[in-house]
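Colleague: Got a structure for you, questions after.
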Amino acid sequence: MKKVLYSLILLLVVASGIVLANREIKKDTTDKPGQKPLTAAEAAAERKKWEATPEGISFKKWEASPAGLKVLAGIAKINPHITDSSNMEAVVTSLSLPPGSRLGFGVMVRINGDDYILNFRAANTDELQQLPSLKVNDKIIIRSRFVSYAPKYAFPIVTGDYAELDGKIIYKRPPNKGGC
């Protein structure tokens with residue numbers, strides 16, 4: 001009986017030692033500091049390094065091409081509205097995005113005579129349920145705080161924060177979770 005009792009106690013000590021050792025290992029991995037954000041000088045150096053790569057060279061060539069200049073001019077045209085997040089009147093020109101685009105749900109719109117891709121991002125499909133009711137030539141009021149571009153697309157990409165049709169809100173971007 002004593003041998004069984006001693007072996008059970010020994011087994012309990014070994015098992016608790018293993019559990020505590022695993023706990024210490026897990027603590028050590030969480031205490032590692034995260035990567036520091038780059039300073040302005042480091043970011044500029046990284047950008048210069050990227051611009052020397054084949055991808056960076058082709059991107060710079062695209063920006064200087066007529067297609068790239070057209071996209072940048074379109075961005076400059078709506079930039080005051082983007083920085084203020086003010087209303088812009090847009091006319092829906094197409095309900096589908098250019099072939100090969102991977103932007104999710106969006107439509108083509110014309111703002112002040114220039115064409116744009118209006119992209120809507122949503123965490124779930126319930127947030128986009130009223131958008132399919134849009135038709136070509138519908139006049140909508142949109143607000144955005146972000147516009148981007150890529151050589152793959154011949155149009156600037158406006159990320160919609162708010163869309164209104166005939167005085168009714170048809171899309172409102174949900175607030176960011178856990179912060180600003």
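Colleague: Taking residue 101 as meeting all but one of (1) modelled with pLDDT under 90; (2) touching an Asp or Glu at 6+ places or on another chain (Cβ under 7 Å); (3) under 30 Å from residue 62 (Cβ atoms), write down the number of the exception.
Modeller: (2)
Colleague: Right, something else. Given the condition touching a His at 6+ places or on another chain (Cβ under 9 Å) and either of a type in the set (D, E, K, R) or at pLDDT 85 or above (or both), answer yes or no: does some residue in the range 144-163 qualify?
Modeller: Looking for residues that are touching a His at 6+ places or on another chain (Cβ under 9 Å) and either of a type in the set (D, E, K, R) or at pLDDT 85 or above (or both), one finds at least one in the range 144-163, hence yes.
Colleague: State all residues of the range 30-88 that are charged (D, E, K, R), within 22 Å of the chain's Cα centre (by Cα) and surrounded by 10 or more Cβ atoms within 10 Å (Cβ to Cβ); if no residue qualifies, say none.
Modeller: Within the range 30-88, 46, 47, 55, 63, 84 qualify.
Colleague: Let me ask another. Where in the range 1-72 are there helices (runs of 4 or more DSSP H), lying wholly inside it, with at least 1 residues that are closer than 30 Å to residue 117 by Cα and at pLDDT 70 or above?
Modeller: Where helices (runs of 4 or more DSSP H) fall fully within the range 1-72 and carry at least 1 residues being closer than 30 Å to residue 117 by Cα and at pLDDT 70 or above, they are 40-51, 54-64.
The values are calculated or read from the model by the stated rules, or taken from the named source; none is laboratory data. Just so it is clear, the structure is predicted and the values come from calculations on it, not from any experiment. FYI the Cβ positions are ideal-geometry reconstructions off the backbone, even for glycines, and counts take in every protein chain you see.
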